[in-house]
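Working notes, beginning with the structure itself.
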Amino acid sequence: MLSIGSVNVNGIRAAFRRGMGVWIAEHTPDVLLLQEVRATDEILAEHLGPDWHVVHTEGAAKGRAGVAVAAREAFTAVRIGLRADEPEADVGRWVEADLELGGEPVTVVSTYLHSGTAGTPSMDLKYAHLDAVTERMGVLAATGRCIVVGGDLNIAHREVDLKAWKTNRRSAGFLPEERAYLDRWIDEQGWVDLGRRFGGDGPGPYTWWSWRGQAYTNDSGWRIDYQFATPALAERAKDAVIDRAPTYEARFSDHAPVRVLYDL
């Protein structure tokens, strides 16, 4: 079995101070897909320890963004970024890594998209990055291989993916134009949203809640963290869970990990 955990850590140092190491020890994932690392390569390696192989791309702005893939096994290849003309701003990050697991090739991807603000130039940058993501996902899907793309997309796909959908219909993260990209990945390219497949019809389960107010206590959240798998890998997925902490105080991030078990 292969366990892959994807989570926006909201800063690796803060996450470990709040108990991320306990979560790793309890669930023993084989692969971690991390977003918003907010640290250098050296700091990330120091926190994960010597048992992990890591590929990481730092955010352009200090203390922001950054995504990584960490695995117990050594990578056979890694690729950072989507294209040479990616925008200067940290609108998104993308890291791919290839693994050989039991003699079988598997590609894992960690990705992050900024939330953007509706009606501002930041949304144009987000859509431009989504175009590049969609192009790459189409290429990956066409290979027919076992591939998973996991991360924080800052997009809730459907009404069941956020509690307050009626008041967010014109908000970034739930705009029809954003949601249409996820429709294309699923309906045209064949990717499988494992969080929804194993999460039932909804509403929820959610993966992000504001630190403020009673959002966590009232489960007023958004499902914006995903693992998308190609059909070859999705058919071997046995379970997908959202590791929602039992209390507000027990969280190590404002996001909950998405953890999937694959029969590999």
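All distinct Cα pairs of region 67-180 go into the 1/r average, and the inverse of that average, the Kirkwood radius, is 15.5 Å.
Computed with a 1.4 Å probe over protein heavy atoms only, the accessible surface of region 146-239 comes to 45 Å² per residue. The Ala164 and Ile186 beta-carbon pair, evaluated with R₀ = 30 Å, returns a calculated FRET efficiency of approximately 0.80.
Shown in residue order for region 152-165 are the 3J(HN,Hα) couplings computed by the Karplus curve 6.51 cos²θ - 1.76 cosθ + 1.60 at θ = phi - 60°: 9, 9, 6, 9, 8, 6, 10, 4, 6, 9, 8, 5, 9, 5 Hz (x for Gly and Pro).
Surface composition of the chain: carbon and sulfur atoms hold 49% of the protein heavy-atom accessible area at a 1.4 Å probe. For the chain, a Gaussian network of Cα nodes joined below 10 Å ranks Gly138, Gly102, Gly119 by mean-square fluctuation, and the top entry is Gly102. Expressed as a fraction of 2.2 N^0.38 Å, the value expected for a compact globular protein of N residues, the C-alpha radius of gyration of region 174-264 is 1.18.
Report the residues of region 141-164 in range of a label on Glu235: point 7 Å along Cα→C-beta, backbone N strictly under 12 Å from it. What the label zone holds, given the 12 Å backbone N cut-off, is 145-146. Each helix, a run of at least 4 DSSP H residues, gives -39500 (n - 2.57); summed and divided by the residues of the chain, these come to -7500 deg cm²/dmol at 222 nm.
Over the chain, what is the mean sequence separation of C-alpha contacts under 8 Å (at least six apart), divided by residue count, expressed as relative contact order in percent?
With pairs under 8 Å counted, the relative contact order is 21 percent.
Let me know the shape class of region 1-149, please: from the alpha-carbon gyration tensor, a ≥ b ≥ c as square roots of the eigenvalues, rounded when a/c is under 1.5, otherwise prolate if a/b is greater than b/c, or oblate. Oblate is the answer for region 1-149, as a/c is 1.5 or above yet b/c matches or exceeds a/b.
Computed over all pairs of different Cα atoms, the Kirkwood value for the hydrodynamic radius of region 1-77 is 12.5 Å.
The residues of region 17-82 present an accessible area of 51 Å² per residue when probed at 1.4 Å with all protein chains retained. Taking the alpha carbon gyration tensor of the chain, multiplying each eigenvalue by 5 and rooting it gives semi-axes of 24, 22, 20 Å, largest first. Protection proxy ranking for 213-220, 146-153, 36-43, using the average of other Cβ atoms within 10 Å per residue and placing the highest first: 146-153, 36-43, 213-220.
Taken over the alpha carbons of region 98-158 as equal point scatterers, the Debye sum produces base-10 log I(q)/I(0) values at 0.14 Å⁻¹ of -0.51.
Sort region 101-245 into rounded, prolate or oblate with this rule: let a ≥ b ≥ c be the square roots of the eigenvalues of the Cα gyration tensor; rounded if a/c is under 1.5, and if a/c is not under 1.5, prolate when a/b is larger than b/c, oblate otherwise.
oblate
The values are calculated or read from the model by the stated rules, or taken from the named source; none is laboratory data. This one's a predicted model, so the numbers in the text were calculated from it and none came from an experiment. Methodologically, a virtual Cβ is constructed for each residue, glycine included, from the backbone with ideal geometry; neighbour enumeration extends over all protein chains shown. Just so you know, the surface numbers come from the protein's heavy atoms only, side chains and all, with ligands and any DNA or RNA stripped out. Shrake-Rupley method; radii C 1.70, N 1.55, O 1.52, S 1.80 Å.
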